[in-house]
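Asker: Sharing a structure, written as structure tokens. Questions coming.
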């Protein structure tokens, strides 16, 4: 499937595509770009594999479900229908407890619980319950659990977050298939045409022994050779540290929570790279008045915020997020209507980094 966004051309490759279909897809994308009245030879053709769709791709699809492909893969329809019937039968026989069973639910019932942002969980009224489930029949519910908050807690536990990200870090970028140390002032800034190695060191009190995690981050446009070198260099670095570190492969757009926490809301993904044809942001001339670049800011707070370079187009904007626009000597922070105060503060932090000392003008949607 091809997705034309004007500034970019995405080629989505299904999981079941054979080598011939993949080759024809690439040829079709090149032909499409050549016949376009808007695109040039420099317009990037971005390959997207099924199940690994990055936010820059999914933002064009309202209601995108990241798990949809996985849920619809290799399904026996008859078997699924049977399972659904059995599940419905079991649920119909299951008794709904009249009193909360977990400690968290008890806190909600007592009006003491707070969500991840410190806001009190609101009790659901009897009218609201009846609106959802109908009147009569069955036990009456006098409280409502914040399942979204519970889900975030479970996900954090699954990731096995070792600490709050306040340990020591050291970063290398793969250049000419070797690891080259990144300057500390550039920590948190990545290029989608490169691969990186991030060494994270921490201690677990009362022990003073250092533990290590070796993340190797791979940008979407990083070459296969660079990705292979990042994995190989990570293995060698692991050996140098006595084989103690835990190795974690991180692909762009799939960053785990702890990886984002390390950078305290300052992680930024630029276009470009050492071996790519893109131009690095740090090489741009401040006096170039035609220089325009847009960053999409994802996240709610310092623990999960990322700024990502996206096409400079109105279609890139969404009301639920913030964006930073650099235009010549000016910098603007565009704030969508759906953003809360925490998201705006996190976006302002990234804007201050991207602007490189310029005054940032805030613009609210509408």
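The values are calculated or read from the model by the stated rules, or taken from the named source; none is laboratory data. Every value quoted in this text rests on a predicted model; they were computed, and no experiment measured them. Note: ideal-geometry Cβ built from the backbone for every residue, glycine included; neighbour counts use all protein chains shown.
Asker: In region 183-200, which residues are under 23 Å from the mean Cα position of the chain (by Cα) and either in a loop (DSSP other than H, G, I, E, B) or over 30 Å from residue 311 (Cβ atoms) (or both)?
Answerer: Of everything in region 183-200, those that are under 23 Å from the mean Cα position of the chain (by Cα) and either in a loop (DSSP other than H, G, I, E, B) or over 30 Å from residue 311 (Cβ atoms) (or both) turn out to be 187, 188, 192, 193, 194, 199, 200.
Asker: Here is a follow-up. Scanning for something crowded, with 16+ Cβ neighbours inside 10 Å, in the same structural domain as residue 199 (by TED's automatic domain parsing), modelled with pLDDT of 90 or more and touching a strand residue (DSSP E or B) at 6+ places or on another chain (Cβ under 8 Å), does region 271-280 turn up at least one residue?
Answerer: yes
Asker: Give the number of residues within region 339-355 that are outside any helix (DSSP H, G or I) and either within 16 Å of residue 305 (Cα to Cα) or not assigned by TED's automatic domain parsing to the domain that holds residue 366 (or both).
Answerer: Total meeting the criteria: 2.
Asker: Would you be able to say whether some residue in region 38-51 is loosely packed, with under 14 Cβ neighbours inside 10 Å, in a helix (DSSP H, G or I) and modelled with pLDDT of 55 or more?
Answerer: no
Asker: Same structure, new question: Of the residues 194, 225, 239, which is under 21 Å from residue 254 (Cα atoms) and exposed (fewer than 15 other Cβ atoms within 10 Å of the Cβ)?
Answerer: Values: 194 fails: exposed (fewer than 15 other Cβ atoms within 10 Å of the Cβ); 239 fails: under 21 Å from residue 254 (Cα atoms).
The match here is 225.
Asker: State the number of residues belonging to region 145-181 that are closer than 18 Å to residue 264 by Cα, at pLDDT 85 or above and not in a strand (DSSP E or B).
Answerer: 6
Asker: Also, quick follow-up: Test of understanding: among 238, 225, which residue is in contact with a strand residue (DSSP E or B) (Cβ under 8 Å, 6 or more places away or on another chain), outside any loop (DSSP other than H, G, I, E, B) and not assigned by TED's automatic domain parsing to the domain that holds residue 350?
Answerer: Result of the check over 238, 225: 238.
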